[in-house]
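> Let me begin by handing over the structure; questions about it come next.
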Amino acid sequence: MRARILISSCLLGAPVRYNGSAKMLVHGAIDRWQKEGRLVSVCPEISAGLPIPRPPAEIERGYDGADVLVGNARIVENTGRDVTDAFLSGAQIALDIALSHRCQFALLTDGSPSCGSSFIYDGQFNGTRHNGVGATVALLQRNGIAVFTNTKQGIEQLEQALMQADLAV
Ligand code: SF4
């Protein structure tokens, strides 16, 4: 069986982001993987029942998703509402979907408090970034799923990883 990829729904054009937009990723590899039946789409936040639109949310005080998983940090909206439980629920649903489809890899939207893998925002809602992962990414990585960013470099790295996984079958 060809290796499968869990992918953020917003990268496939679904308008599911907090502000009701998509983040369509246009790349030949995406079209090819789609035709090969490798892509499994998920939006952790919508899976958890959060609405569109919704207030932006960030992981507080410069922590990251790994801290959220162990209860050391919360995820809060810019209104101050604590949405940690919903984000954890979305992370678990994304993991369950990945495991049920035997996804070894994930291609997720960077910067998101759910899907970010190279950077996230620091909880001040002023655009300050720091290195860290979102809650879904932390849970996927903890369960052995390799996560790649929605960048040219991330796609190239994923292409290499897929090639090796396909050869190993
Ligand atoms: Fe996209 Fe992930 Fe945010 Fe859903 S949670 S809108 S898939 S970045």
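Yes/no matrix, rows are residues, columns are (1) within 13 Å of the ligand (Cβ to nearest atom); (2) closer than 16 Å to Glu60 by Cα:
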| residue | (1), (2) |
| --- | --- |
| Gly90 | yes, no |
| Ile93 | yes, no |
| His101 | no, no |
| Thr109 | yes, no |
| Asn131 | no, yes |
| Ala138 | no, yes |
| Val147 | yes, no |
| Gly154 | no, no |
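> List pairs: first residue in the range 75-88 and charged (D, E, K, R), second residue assigned to a loop (DSSP other than H, G, I, E, B) and surrounded by 12 or more Cβ atoms within 10 Å (Cβ to Cβ) anywhere in the structure, Cβ distance under 8 angstrom, at least six positions apart or on different chains.
Going by the 8 Å Cβ cut-off, the qualifying pairs are Glu77/Arg54; Glu77/Pro55; Glu77/Pro56; Glu77/Val83; Arg81/Pro55; Asp82/Arg74.
> Assess whether Ala106 counts as being assigned to a strand (DSSP E or B), in contact (Cβ under 8 Å) with a residue 12 or more places away in the chain and small (Gly, Ala, Ser).
So Ala106 fits the description; yes.
> Give the residue, chosen from Leu140, Leu99, Leu95, that is surrounded by fewer than 18 Cβ atoms within 10 Å (Cβ to Cβ), at negative phi and in a helix (DSSP H, G or I).
Being surrounded by fewer than 18 Cβ atoms within 10 Å (Cβ to Cβ), at negative phi and in a helix (DSSP H, G or I) holds for just one of Leu140, Leu99, Leu95, which is Leu99.
> Tell me, which residue of the range 1-44 that is of a type in the set (Gly, Ala, Ser) and closer than 19 Å to Ser89 by Cα is surrounded by the fewest Cβ atoms within 10 Å (Cβ to Cβ)? I'd like the intermediate steps shown before the answer.
In the first step, residues of the range 1-44 are kept if they are of a type in the set (Gly, Ala, Ser); the result is 3, 8-9, 13-14, 20-22, 28-29, 37, 41.
This time we only want the ones that are closer than 19 Å to Ser89 by Cα, so: 8-9, 41.
Values: Ser8: 27, Ser9: 21, Ser41: 17.
Taking the candidates together, the pick is Ser41.
> With the condition being of a type outside the set (Phe, Trp, Tyr), more than 10 Å from the ligand (Cβ to nearest atom) and touching a Leu at 6+ places or on another chain (Cβ under 7 Å), I'd like the helices (runs of 4 or more DSSP H) fully within the range 1-88 carrying at least 1 qualifying residues.
In the range 1-88, the matching helices (runs of 4 or more DSSP H) lie at 65-69.
Here, each number is a calculation from the coordinates, and none is a lab measurement. Note that the structure is predicted; figures quoted are calculated from it, not measured. In this analysis, Cβ positions are derived from the backbone assuming ideal geometry, glycine residues included, and neighbour counts consider all displayed protein chains.
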